[in-house]
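Written below as structure tokens is the structure these notes are about.
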């Protein structure tokens, strides 16, 4: 009975962890929970008796709970296959991670003597405390590296939505880590900090009394690294960005009436706008000739979502620049987006040159695939335009799309113009800073923002070298597992020989 209660407790801890992590994501937006969300499941995996089957179950429950909640909008929106695919992939990710943590992550044993140390000045260095601090850092590094590489592997199979590091995109200085490591580095920071939080609480309980600097080294080192990363990101944000400045006008009223869009555009036409983006409009045959009144097609460009449906859903886009008019028809059809190797097949990039800038346009689900974003940057796209219908399942779904796209574009160093519902459209700089919109107070029907457009060959470290950080994490996990197996093999042979 005691064993059963123990196993049940670990499963409940995993369940609680999955709920906490999900609540940190867009839709709920309790982003502070990401710093403690992994702590319950890590406690179950590391502080209770270990068995590989129970570790698999704990990890699977954690991943399944997180996936089921954070992608609940897919089920509510009638995309059950996509929901199942995300949940199944996160169950597998969590199970493998739980098994790895159980087998290879070790915390130092607690002291049998729990006497309270006198609170008196004394020599700060303690070799035993130092060893324990280093052991905690090593454990945190392994737990974080294993989650990071598994999360990356999931992103190879299906679009890498909602990596746990996504929540940190609300912190602009820390978001700059993604320009070096991609989302993988942010996920690493999250899991690493969670395990250090767990070991700190455990140490306070097991070692009451005054703590020397060596016994606090794991905590101070972690806080210092996070602080330095944030400080580096803040410094980077203060640097003068290189690139041409372009003024973008985003028009997104709650209508598809051409006259209303033209009226709002006319109000903004004297502000030096280079490119207007219309959320979605219904064009009549004579409407194109009226665009010249606001200089569209002469000195100003326009990218507009188009519709012919009564409900105003997107059916394509129209791009009007001096000397050219391009219409793109969105072929109707329904397919599952979150399926292995399916999302990026049979799709082309819709780019165009205007105002010495290469712009690329994504419609609906195209904006949700990081592989298309990377392909666009590899083809020298300098700015991303995303025109999307509100996604099914409520506002949280569109928020998650925007958060993911913002993270990917920042990691690649490209600005984004996100045209969706009136209350959730935005102009985002290449640094990830929201220049205008995205739930801003006093949101109007039009937004004006200035973005810095990088050169075609200007790339971030992540854009240049790709997922190097996740691969390095995988190499660390492989080397650790191999070394542990060799160590156990030698121990076993040593006992036999003696």
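The values are calculated or read from the model by the stated rules, or taken from the named source; none is laboratory data. Since the structure is predicted, the reported quantities are computational estimates derived from the model, not experimental observations. Here the Cβ is made from the backbone with ideal geometry for all residues, glycine too, and neighbour counts use every protein chain on show.
Here the helices (runs of 4 or more DSSP H) wholly within the stretch 29-110 that include at least 1 residues being without any contact (Cβ under 8 Å) to a residue 24 or more places away in the chain are 52-70, 80-104. Scanning the stretch 343-363 finds no residues that are out of contact with any strand residue (DSSP E or B) (no Cβ under 6 Å at 6 or more places or on another chain), farther than 24 Å from residue 245 by Cβ and modelled with pLDDT of 85 or more.
Looking at residue 35, is it within 21 Å of residue 400 (Cα to Cα), within 19 Å of the chain's Cα centre (by Cα) and assigned by TED's automatic domain parsing to the domain that holds residue 154? The answer is yes for residue 35.
For every residue, the table says whether it meets (1) closer than 25 Å to residue 75 by Cβ; (2) in a loop (DSSP other than H, G, I, E, B); (3) not assigned by TED's automatic domain parsing to the domain that holds residue 71.
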{"site": "359", "(1), (2), (3)": "no, no, yes"}
{"site": "366", "(1), (2), (3)": "yes, no, yes"}
{"site": "375", "(1), (2), (3)": "no, no, yes"}
{"site": "384", "(1), (2), (3)": "no, no, yes"}
{"site": "390", "(1), (2), (3)": "yes, yes, yes"}
{"site": "398", "(1), (2), (3)": "yes, no, yes"}
{"site": "410", "(1), (2), (3)": "no, no, yes"}
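Looking only at the stretch 89-111, decide whether some residue is out of contact with any helix residue (DSSP H, G or I) (no Cβ under 9 Å at 6 or more places or on another chain), modelled with pLDDT under 95 and within 30 Å of residue 207 (Cβ to Cβ). Yes, the conditions are met somewhere in the stretch 89-111.
Looking at the stretch 221-229, is at least one residue more than 23 Å from residue 42 (Cβ to Cβ), assigned by TED's automatic domain parsing to the domain that holds residue 36 and at pLDDT 80 or above? Taking every residue of the stretch 221-229 in turn, at least one turns out to be more than 23 Å from residue 42 (Cβ to Cβ), assigned by TED's automatic domain parsing to the domain that holds residue 36 and at pLDDT 80 or above. Consider residue 203 carefully, then state whether it is in the same structural domain as residue 48 (by TED's automatic domain parsing), surrounded by 21 or more Cβ atoms within 10 Å (Cβ to Cβ) and either over 12 Å from the mean Cα position of the chain (by Cα) or not in a helix (DSSP H, G or I) (or both). Yes, satisfied. Close Cβ contacts (under 8 Å, 6 or more residues apart or on different chains) running from residues in the stretch 275-294 that are surrounded by fewer than 13 Cβ atoms within 10 Å (Cβ to Cβ) to residues that are part of a helix (DSSP H, G or I) and modelled with pLDDT of 85 or more comprise 284/258; 293/262; 293/266. Counting residues in the stretch 454-473 that are touching a residue at least 60 places away in the same chain (Cβ under 8 Å), outside any helix (DSSP H, G or I) and touching a strand residue (DSSP E or B) at 6+ places or on another chain (Cβ under 7 Å) gives one or more. Among the residues of this structure, residue 333 does not count as one that is modelled with pLDDT under 85 and either touching a strand residue (DSSP E or B) at 6+ places or on another chain (Cβ under 8 Å) or surrounded by 20 or more Cβ atoms within 10 Å (Cβ to Cβ) (or both). Kindly indicate whether any position in the stretch 3-18 is assigned by TED's automatic domain parsing to the domain that holds residue 172 and within 23 Å of residue 394 (Cβ to Cβ). Checking the stretch 3-18: at least one residue is assigned by TED's automatic domain parsing to the domain that holds residue 172 and within 23 Å of residue 394 (Cβ to Cβ).
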